[in-house]
2 protein chains.
Amino acid sequence: MQRQIKKWMSEHVDMGTKLLQRLVQERSIRGHEYNAQAVMIEKCRELGLELDIWDLNRKELEHHAFFRCDRDSFEGNPNICAVWKGKGGGRSIILNGHIDVVPEGDEKDWRNDPYSGMIKDGKLYGRGSTDMKGGSVSLLLAIQALKELDVTLRGDVIFQSVIEEESGGAGTLAALLRGYKADGAIIPEPTNMKMFIKQQGSMWFRITIKGKSAHGGTRYEGVNAIEKSLNVISALQNLETIRNDRINDPLFKDIPIPIPINIGKINSGSWPSSVPDTAIIEGRMGVAPSESMEAAEKEMEECLASIINEDEWLLAHPPKLEWFGGRWQPGDLDINHPFLDCMENAYSNIYGVKPVIEASPWGTDGGILSKGGDIPVVVFGPGTTEAAHEANEFIELKKVFEAAEVIALAIWQWCK
Amino acid sequence: MQRQIKKWMSEHVDMGTKLLQRLVQERSIRGHEYNAQAVMIEKCRELGLELDIWDLNRKELEHHAFFRCDRDSFEGNPNICAVWKGKGGGRSIILNGHIDVVPEGDEKDWRNDPYSGMIKDGKLYGRGSTDMKGGSVSLLLAIQALKELDVTLRGDVIFQSVIEEESGGAGTLAALLRGYKADGAIIPEPTNMKMFIKQQGSMWFRITIKGKSAHGGTRYEGVNAIEKSLNVISALQNLETIRNDRINDPLFKDIPIPIPINIGKINSGSWPSSVPDTAIIEGRMGVAPSESMEAAEKEMEECLASIINEDEWLLAHPPKLEWFGGRWQPGDLDINHPFLDCMENAYSNIYGVKPVIEASPWGTDGGILSKGGDIPVVVFGPGTTEAAHEANEFIELKKVFEAAEVIALAIWQWCK
């Protein structure tokens with residue numbers, strides 16, 4: 001089977017490359033996912049999969065604790081699930097990729113059109129090539145290879161091309177709530193062919209700190225919100241240390257800060273010679289794989305509560321903490337889980353060595369599948385995080401096909 | 001003379017109040033000074049003063065070291081000088097007031113229309129009432145009283161109604177460069193009837209601190225510009241202490257921080273889960289009366305240069321310091337200057353006690369007259385700084401007339 005898969009891949013390099021090129025050339029930033037999804041739909045039809053195409057319905061999703069999304073309309077930018085039905089009695093698998101890409105940023109930073117799909121030295125360039133249209137193509141190649149090799153599976157193979165991953169995972173949540181569950185899931189985010197079984201979750205926070213306005217020439221008559229926010233920043237830095245000191249999972253041993261607290265933004269003041277009366281800090285709090293979002297929230301709330309006792313002004317004007325915007329559940333799979341064994345075997349059979357198993361420093365939609373659907377998730381894919389979200393994003397084409405080989409073999413072993 | 005002046009004032013309360021009301025009702029924020037200046041022009045004509053009305057010319061001013069102004073056009077919003085020519089051989093005096101007011105801010109914070117000119121319990125309300133149309137009316141009342149009392153003066157009396165004080169003093173600079181000089185100057189800013197002979201100067205600064213962008217989940221791969229800006233803020237706080245520890249002028253003894261460094265703004269970051277790569281701090285640096293702007297600039301430059309040696313990143317990416325926007329020269333008059341004697345005498349004659357002599361925590365156009373024209377300046381006027389620039393700004397009308405009495409007597413004593 002492994003040899004047949006390898007042969008099939010080598011014969012379909014042009015086809016796979018052209019498919020990835022078409023996908024990258026569609027600028028599927030948030031709110032504009034349609035054209036890229038149309039390419040997906042066409043491909044799934046060609047593969048003879050059972051297609052389920054639907055627009056997310058905010059009303060159906062917003063009661064769910066995992067739903068965090070500031071998008072009003074999803075109309076015309078559908079989610080896709082495409083099922084290769086097994087003959088029954090076997091283990092099922094979800095193959096999940098997201099179609100949304102982050103904006104291209106400053107076009108001046110790109111050497112070429114951000115959506116060129118240009119190929120040079122074995123690399124395909126463009127926004128979304130690595131994160132994660134390359135990975136989605138690996139999934140489709142794996143399905144196509146097995147189909148064309150006339151494999152019969154007992155378990156279902158559920159391919160998903162979802163929206164909204166970059167903004168909190170509403171697409172994957174919608175697929176889960178629509179009933180798509182399985183005995184295992186592969187998410188081919190750019191892990192550089194490592195296997196991530198634990199993922200850092202994260203959530204955004206906003207802290208508003210009040211001061212008291214005054215003229216800068218008599219600044220002692222006011223209270224500077226920027227100065228007060230230094231207390232908050234220092235408390236957050238301290239909290240980060242405490243939270244990370246607790247983590248002793250060997251999978252995190254090479255990661256300097258497994259669950260960072262990132263101070264991403266600060267805005268305060270409107271006039272150089274006035275004392276600013278408000279400061280707003282926004283950031284991202286990492287959440288440990290074994291931790292609940294609620295526990296992490298509570299810990300930051302307690303941290304802020306503790307500092308106000310040391311400062312009379314803050315005691316009278318406590319900083320306001322909000323959890324807003326993005327929110328990614330952490331992922332956590334036991335290292336001895338049979339689904340990981342299956343993935344490892346597939347990898348070892350092809351490469352002759354064991355894969356690197358790691359914890360990932362970022363969340364994926366895997367957290368939603370795992371915490372929300374109790375589905376074992378392995379994040380494994382071509383491409384590198386260094387290239388993701390950056391100008392001149394690219395993917396090494398060879399890896400797309402290698403990942404497809406590993407995934408095809410894993411599907412066969414898991415669902416046969 | 002003193003009794004005659006007092007009597008004249010008591011007979012002209014209605015006239016003076018109506019004049020102030022008309023001036024406050026004209027919303028003379030920057031770029032809209034014309035209508036209020038028209039009221040001034042009408043009044044000066046009525047007083048029989050020699051009028052000089054002109055639009056500032058950026059080209060003529062911008063070579064001057066004191067010129068700091070980001071306004072392109074002054075057309076239609078003139079400066080006014082109105083001269084009461086003396087018969088010769090006496091000491092001259094400049095009576096300087098600015099017509100521009102700061103914006104009213106959030107109208108919701110005002111109990112009434114910000115430009116109502118409403119009178120209640122002896123207070124006249126509205127933006128600019130205290131800062132400083134009330135003071136300008138005191139000047140005009142003083143001139144009118146002396147004129148109507150048939151006083152003949154040997155020295156010239158030069159009334160000025162200038163624009164741009166709130167934005168760096170281009171109006172007073174233009175009057176100075178047009179040739180208006182004198183042996184003394186009164187600026188009736190809201191000193192609450194104290195005499196300010198030294199004024200804190202100030203200048204705005206902007207510091208840009210570079211970091212290195214990264215994903216928040218791997219924040220250790222980046223350099224957080226907000227964290228680096230904490231070093232800068234702490235250095236500025238330290239510099240403020242050093243600069244203020246040096247000040248031993250007894251006039252500053254009741255001022256907690258004679259020359260503050262105000263951190264007025266900070267902006268950094270654009271995404272909660274990214275490490276911000278740039279932070280921009282803006283603020284206002286107080287300048288001591290005896291100090292040159294250049295010396296103060298140099299001290300901050302050296303301060304920033306010193307911290308980079310303690311931080312490898314800052315050494316490779318030194319913070320960039322710019323001096324932009326507002327800039328107010330400090331003012332400095334010797335406590336034994338005869339012009340101050342004259343002002344003190346006038347005050348003592350009327351109130352029976354000596355005036356409070358202080359250093360002011362904010363700059364005025366007095367710095368330009370004093371450092372730029374070598375003119376002795378006393379800042380003395382009705383109104384309080386607490387009311388200036390605030391919502392529900394007001395002035396106690398009684399003080400407008402009392403200040404006018406002091407000023408009329410001082411003019412008579414100085415110029416007779």
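The values are calculated or read from the model by the stated rules, or taken from the named source; none is laboratory data. As the structure is a computational prediction, the values presented were derived from the model and not from experiment. No Cβ is skipped: glycine too gets one built from the backbone with ideal geometry, and neighbour counts run over all protein chains shown. For the accessible areas, the whole protein counts, side chains as well, though only heavy atoms, and no ligand, DNA or RNA atoms are used. Shrake-Rupley method; radii C 1.70, N 1.55, O 1.52, S 1.80 Å.
Which residue is farthest from the other protein chains (Cβ to nearest Cβ), if the candidates are limited to the stretch B:268-286 and must be among the hydroxyl-bearing types (S, T, Y) and in a loop (DSSP other than H, G, I, E, B)? Here the answer is B:S270. Among the criteria (1) assigned to a helix (DSSP H, G or I); (2) in contact with a helix residue (DSSP H, G or I) (Cβ under 8 Å, 6 or more places away or on another chain), the one A:R327 does not fulfil is (1). Identify all residues within the stretch B:282-307 that are free of Cβ contacts under 8 Å to residues at least 24 places away in the same chain and within 17 Å of B:I207 (Cβ to Cβ); write none if there are none. Across the stretch B:282-307, the qualifying residues are B:K298, B:E301, B:E302, B:A305. In the condition set (1) without any contact (Cβ under 8 Å) to a residue 40 or more places away in the chain; (2) closer than 21 Å to A:I99 by Cβ, A:G352 is compliant with all but (2). Restricting attention to the stretch B:308-326, does a residue exist that is charged (D, E, K, R) and within 14 Å of chain A (Cβ to nearest Cβ)? Among the residues of the stretch B:308-326, at least one is charged (D, E, K, R) and within 14 Å of chain A (Cβ to nearest Cβ), which makes the answer yes. Annotation: of all residues in the stretch A:191-202 being closer than 27 Å to A:K298 by Cβ and out of contact with any Lys or Arg (no Cβ under 6 Å at 6 or more places or on another chain), the one that is nearest to the other protein chains (Cβ to nearest Cβ) is A:Q200. Pairing each residue of the stretch B:203-223 that is without any contact (Cβ under 8 Å) to a residue 60 or more places away in the chain and facing chain A (nearest Cβ under 8 Å) with any residue that is open to solvent by less than 20 Å² (accessible area, probe 1.4 Å) and among the polar types (S, T, N, Q), provided the two are 6+ apart or on different chains, yields C-beta distances under 6 Å for B:G216/A:N262; B:G216/B:S273; B:G217/A:Q200; B:R219/A:N262.
If you go through the stretch B:39-57 and keep only what is surrounded by 15 or more Cβ atoms within 10 Å (Cβ to Cβ) and either touching a His at 6+ places or on another chain (Cβ under 9 Å) or assigned to a helix (DSSP H, G or I) (or both), you end up with B:V39, B:M40, B:I41, B:K43, B:C44. None of A:P260, A:P188 is in contact with a Ser or Thr (Cβ under 9 Å, 6 or more places away or on another chain) and over 27 Å from A:E302 (Cα atoms) except A:P188.
Picking from residues in the stretch B:237-254 that are of a type in the set (S, T, N, Q) and either without any contact (Cβ under 8 Å) to a residue 24 or more places away in the chain or part of a loop (DSSP other than H, G, I, E, B) (or both), the one that is farthest from the other protein chains (Cβ to nearest Cβ) is B:N248.
So B:I257 clears everything in (1) facing chain A (nearest Cβ under 9 Å); (2) among the β-branched types (V, I, T); (3) surrounded by 24 or more Cβ atoms within 10 Å (Cβ to Cβ) except one condition, right? Which one? Among (1) facing chain A (nearest Cβ under 9 Å); (2) among the β-branched types (V, I, T); (3) surrounded by 24 or more Cβ atoms within 10 Å (Cβ to Cβ), the lone unmet condition for B:I257 is (3).
Okay, residues lined up against (1) buried (at least 21 other Cβ atoms within 10 Å of the Cβ); (2) more than 30 Å from B:N309 (Cα to Cα):
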position: B:D121; (1), (2): no, yes
position: B:D131; (1), (2): yes, yes
position: B:V137; (1), (2): yes, yes
position: B:V157; (1), (2): yes, yes
position: B:G171; (1), (2): yes, yes
position: B:D183; (1), (2): no, yes
position: B:T208; (1), (2): no, no
position: B:K212; (1), (2): no, no
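Within the stretch B:290-306, identify whether any single residue is open to solvent by 20 Å² or more (accessible area, probe 1.4 Å) and either more than 29 Å from the chain's Cα centre (by Cα) or at the interface with another protein chain (Cβ under 8 Å from one of its Cβ atoms) (or both), and answer yes or no. Yes - at least one qualifying residue is present in the stretch B:290-306.
So which strands (runs of 3 or more DSSP E) stay within the stretch A:113-204 end to end and still have 1 or more residues that are under 18 Å from A:I41 (Cα atoms)? In the stretch A:113-204, the matching strands (runs of 3 or more DSSP E) lie at A:157-162. Residue pairs whose Cβ atoms lie under 6 Å apart, sitting 6 or more positions apart in sequence or on different chains, and linking a residue in the stretch B:387-406 that is within 14 Å of another protein chain (Cβ to nearest Cβ) and part of a loop (DSSP other than H, G, I, E, B) to a partner that is buried (at least 22 other Cβ atoms within 10 Å of the Cβ) and of a type in the set (D, E), are B:A387/B:E393; B:A388/B:D131.
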